[in-house]
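Novice: Once you've had a glance at the structure underneath, I'll fire off some questions.
Computed from the coordinates by the stated procedures, all read-outs in this text should not be read as laboratory data. Note that the structure is a prediction, hence the values are computed from the model and not measured. Methodologically, a virtual Cβ is constructed for each residue, glycine included, from the backbone with ideal geometry; neighbour enumeration extends over all protein chains shown.
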Amino acid sequence: MGGGVKSAQLTLRGFIHDTCSSAHNGLQENPLIRDNEINLADYGLEYIFPDPVFHMPFLDGAYVTQWHDPERTRAEFAKINKKDGDTYWRMWKESENIQPTAKFWQRRLAMSHWEIIRANFVDDHCRAFMLACPWSQQPPQYPMTGRVAYGPFNQQRHSRPLPKGGSGKLTEALARFIEAHTA
């Protein structure tokens, strides 16, 4: 989490804001959370898994909504461009087959995020969605950022888990766990 798990009252009384991270996607595959190794729910951590997962409106009135259901998301892309709906579905399936197609993934990972999106999607709305979701700290044109092109599919699998009460709830739950197990 990089220390970005802090929440604070920044505006109106009772309104809590995350000062850095808000969604805990990456953390969900950590065995601590995935396998419930230390039941942080017992220490006050509760996640909300929103559906829709992500929504991107455009100035021209178009929009793309990512749902937890990949077929429903495919339909969102297809309403903008049928080919892009098919591409979304194909890339979703590719993201499920990382191990059997090692050579394919070696090439994809060496490419830039932008190269993959530009080569596969035709509509600028769909391209914009795939470039912005999820956010990356690496510019999309940089080589070796190809894995980010498949980030939306991981996000779709896990939603965008939001800690109820703000990101600081993770820190608080971990502190309570440590306090309960030291003395």
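Novice: Dividing the Cα convex hull volume of region 14-55 by residue count, how many Å³ per residue is that? Numbers along the way, then the final one.
Specialist: On the way: hull volume 5.1 nm³, N = 42.
Taking only Cα atoms, region 14-55 has a hull volume of 123 Å³ per residue.
Novice: Next question. Which three extents, in angstrom, do the Cα atoms of region 95-171 have along their principal axes, listed largest first?
Specialist: 41, 31, 20
Novice: Taking Cα atoms, how many degrees apart are the long axis of helix 82-95 and the longest axis of the chain, rounded to 10 and kept between 0 and 90?
Specialist: Taking the Cα atoms of the chain, the angle to 82-95 is about 50 degrees.
Novice: For region 24-127, what relative contact order do you get, as a whole percent, if you take Cα pairs closer than 8 Å and at least 6 residues apart? All intermediate terms of the calculation are to be shown ahead of the outcome.
Specialist: Values: 78 pairs, mean separation 19.5, N = 104.
Relative contact order for region 24-127 comes out at 19 percent.
Novice: Any chance you could give the angle, 0 to 90 degrees and rounded to 10, that helix 70-80 forms with the longest Cα principal axis of the chain?
Specialist: 50 degrees
Novice: Please list the non-local residues whose amide H lies under 5 Å from the amide H of His55, H modeled 1.01 Å from N, same-chain partners needing a gap of 5 or more.
Specialist: Hits under the 5 Å cutoff: Gln66.
Novice: Against the longest principal axis of the chain, how steep is helix 168-180, in degrees 0 to 90 to the nearest 10, with axes from Cα atoms?
Specialist: 40 degrees
Novice: Another question, then. Could you work out the helix-only [θ] at 222 nm for the chain, with each DSSP H run of four or more residues adding -39,500 (n - 2.57) and the total divided by the number of residues, to the nearest 500 deg cm²/dmol? Don't skip to the end; give the middle numbers.
Specialist: Values: 8 runs with 76 residues, N = 183.
Roughly -12000 deg cm²/dmol at 222 nm, from the helical runs in the chain.
Novice: Tell me the relative contact order for the chain as a rounded percent, counting alpha carbon contacts under 8 Å between residues six or more apart.
Specialist: After rounding, I find 33 percent.
Novice: Which aspartates and glutamates have a Cα lying under 17 Å from the Cα of Lys164, excluding residues fewer than 8 positions away in the same chain?
Specialist: In chain and number order, the partners are Asp18, Asp42, Glu46, Asp51, Glu172.
Novice: Here's something else I'd like to know. When you count, for each residue, the other Cβ atoms within 10 Å and take the mean per peptide, how do 29-36, 60-67, 14-21 rank with the highest first?
Specialist: 60-67, 14-21, 29-36
Novice: Take every Cα pair under 8 Å in region 80-180 that's 6+ residues apart, average their separations, divide by the length, and report that relative contact order as a whole percent.
Specialist: The normalised contact order for region 80-180 reaches 30 percent.
Novice: Roughly how big is the chain's charge dipole about its Cα centre, with Cβ charges of +1 (Lys, Arg) and -1 (Asp, Glu), in debye to the nearest 20?
Specialist: Roughly 420 debye for the chain.
Novice: Could you give the radius of gyration (one decimal) and Dmax (whole number) of the Cα atoms in region 1-132, in Å?
Specialist: In order Rg, Dmax, the Cα atoms of region 1-132 give 18.4, 54 Å.
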